[in-house]
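The values are calculated or read from the model by the stated rules, or taken from the named source; none is laboratory data. In this text the structure is predicted, and so the values were computed from the model without any measurement. Using ideal geometry, Cβ is built from the backbone for each residue, glycine included, and neighbour counts are taken over all protein chains shown. Accessible surface is based on the protein model in full, side chains and every heavy atom, while ligands, DNA and RNA are left aside. Shrake-Rupley method; radii C 1.70, N 1.55, O 1.52, S 1.80 Å.
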Amino acid sequence: MNAAAVVEQLKQRFPGEPEYIQAVSQVLPTIEEEYNRHPEFERANLIERLCIPDRIIQFRVTWTDDQGKVQTNMGYRIQHNNAIGPYKGGLRYHKSVNLGILKFLAFEQTFKNSLTTLPMGGAKGGSDFSPRGKSEQEVMRFCQAFMNELYRHIGPDEDVPAGDIGVGGREVGYLFGQYKKLTHQFQGVLTGKGIPFGGSLIRPEATGYGTVYFLQSMLATRGETIEGKKVLISGAGNVAQYAAEKCLQLGAKVLTMSDSDGYIYDPEGIDREKLDYIMELKNIERGRIREYVEEYPQAQYHEGMRPWFEKADIALPCATQNEINGEEAEALVKNGVIAVAEGANMPSTPEAIKAFQDAKILYSPGKASNAGGVSVSGLEMSQNSERLSWTAKEVDDYLKRIMNDIHENCVKYGTQPDGYINYVKGANVAGFMKVAKAMMAQGIV
């Protein structure tokens with residue numbers, strides 16, 4: 001395989017999908033050496049088969065708003081690869097959703113799910129509908145209309161969606177209710193469900209907690225701990241909230257959180273009481289992060305900006321893709337950051353990744369450090385299959401074990417001759433090899 005040539009071919013075949021091409025461009029060069037050790041992969045054209053989704057489902061979603069006006073949105077499900085298990089990946093409701101973004105997310109999900117060691121393939125889906133500013137009834141009607149088409153393509157042994165940006169417990173509940181009505185089946189077809197109807201304890205916390213557990217393992221390779229460290233966090237949604245919570249539990253000082261309008265910087269630190277305020281603001285009141293400074297006037301609000309120019313020890317990007325550019329990465333390094341663990345999917349641009357790796361700081365890609373969410377989704381699937389519920393401690397112990405195993409695999413495949421751990425290469429090679437071997441064993445299908 002010539003990685004550059006494959007990427008160029010994909011650019012020609014799929015123009016107008018920059019996020020997808022970016023994701024492929026970041027993975028293929030890191031696995032090229034390992035891939036070329038297996039001539040049987042090339043004979044089976046494995047790389048092209050792995051890059052192009054198994055199936056792309058597109059559909060119109062028609063729903064009625066509170067004024068009685070009929071609205072239309074696009075709905076998607078990208079079923080990327082099911083070589084090691086049923087398709088698995090979140091649903092995203094956001095105005096930015098398009099085919100290229102979902103293809104990148106599904107491609108990344110395939111490797112991430114492989115890294116967990118659980119039997120899950122890769123998928124992603126969603127809509128350009130945004131729940132922001134919509135009433136409860138409008139959100140419910142949209143979710144029901146979305147499921148009216150999606151239900152034909154999912155199932156506990158076929159494709160198991162979960163939540164993502166814009167799809168939390170409320171939306172998963174509405175989706176599950178409509179699936180149950182349409183199929184007459186009570187099945188583990190969605191994860192992130194409410195506890196009373198088959199959800200798993202620790203699932204809301206899992207992505208944020210898992211990111212911090214992975215960060216702990218990274219720091220340990222250099223004899224460091226998170227205690228006493230100053231932390232920059234972007235985002236104020238589920239991942240950011242629980243990453244902040246776990247940082248506080250482990251003795252770190254969280255300085256920032258953000259949303260799409262800007263970020264807050266609290267020099268005194270966002271403690272438990274302040275984090276509770278943010279959780280109520282974002283989860284219940286559906287407010288904006290700027291309101292934090294009205295409650296805590298010692299804090300600063302920076303509109304239209306991201307927190308990466310502040311001084312700290314650790315950065316946890318937990319918002320969205322491409323939120324750290326090259327200039328911001330260089331500022332983080334200059335200001336003393338020693339570790340960056342991605343809680344979001346592909347939040348660092350290629351230029352940012354290069355800056356981190358050139359500086360030899362600890363840097364992990366989202367497919368490794370944010371795999372805790374889908375890991376506990378997999379554990380929720382197991383509990384649904386068994387018709388059992390595990391305790392919070394049991395789930396959290398599983399989560400810690402999985403994140404430690406992912407870290408060990410990254411170290412195994414990513415340690416360079418000078419001792420530096422290239423977590424990007426380690427995660428990509430480890431995830432790729434499991435999927436590749438499964439695909440080879442199953443023939444040309």
### Query
Residues in the stretch 306-317: is at least one open to solvent by less than 50 Å² (accessible area, probe 1.4 Å), out of contact with any helix residue (DSSP H, G or I) (no Cβ under 6 Å at 6 or more places or on another chain), more than 30 Å from Pro18 (Cβ to Cβ) and not small (Gly, Ala, Ser)?
yes
#### Entry: Arg141 being part of a helix (DSSP H, G or I), free of Cβ contacts under 8 Å to residues at least 40 places away in the same chain, farther than 21 Å from Pro86 by Cβ and of a type in the set (D, E, K, R)
no
### Whichever residue in the stretch 336-361 is open to solvent by 10 Å² or more (accessible area, probe 1.4 Å) and not in a loop (DSSP other than H, G, I, E, B) and, among such residues, is modelled with the lowest pLDDT
Pro350
### Task
Quickly run through the stretch 195-246 and pick out the residues that are more than 17 Å from the chain's Cα centre (by Cα) and of a type in the set (A, V, I, L, M).
Ile195, Leu201, Met218, Leu219, Ala220, Ile226, Val231, Leu232
### Query
List pairs: first in the stretch 237-260 and farther than 22 Å from Val167 by Cα, second assigned to a strand (DSSP E or B) and of a type in the set (Gly, Ala, Ser), Cβ under 8 Å, 6+ apart or cross-chain?
Thr256/Ser234
### Leu182 being farther than 19 Å from Lys88 by Cβ, outside any loop (DSSP other than H, G, I, E, B) and either open to solvent by 40 Å² or more (accessible area, probe 1.4 Å) or in contact with a Phe, Trp or Tyr (Cβ under 6 Å, 6 or more places away or on another chain) (or both)
yes
### Summary
Flagged in the stretch 383-407 as in a helix (DSSP H, G or I) and free of Cβ contacts under 8 Å to residues at least 40 places away in the same chain, in numbering order, are Glu386, Lys393, Glu394, Asp397, Tyr398, Arg401
### Message
Would you confirm, using the coordinates I've provided, whether Glu19 is of a type in the set (D, E, K, R), surrounded by 16 or more Cβ atoms within 10 Å (Cβ to Cβ) and closer than 25 Å to Tyr423 by Cα?
### Response
yes
#### Entry: Every residue from the stretch 397-421 that is touching a strand residue (DSSP E or B) at 6+ places or on another chain (Cβ under 8 Å) and closer than 18 Å to Asn36 by Cβ
Gly414
### Task
Can you give me the ranges of the helices (runs of 4 or more DSSP H) entirely in the stretch 234-334 with at least 3 residues that are farther than 24 Å from Gln216 by Cβ and of a type outside the set (Gly, Ala, Ser)?
272-283, 292-295, 326-334
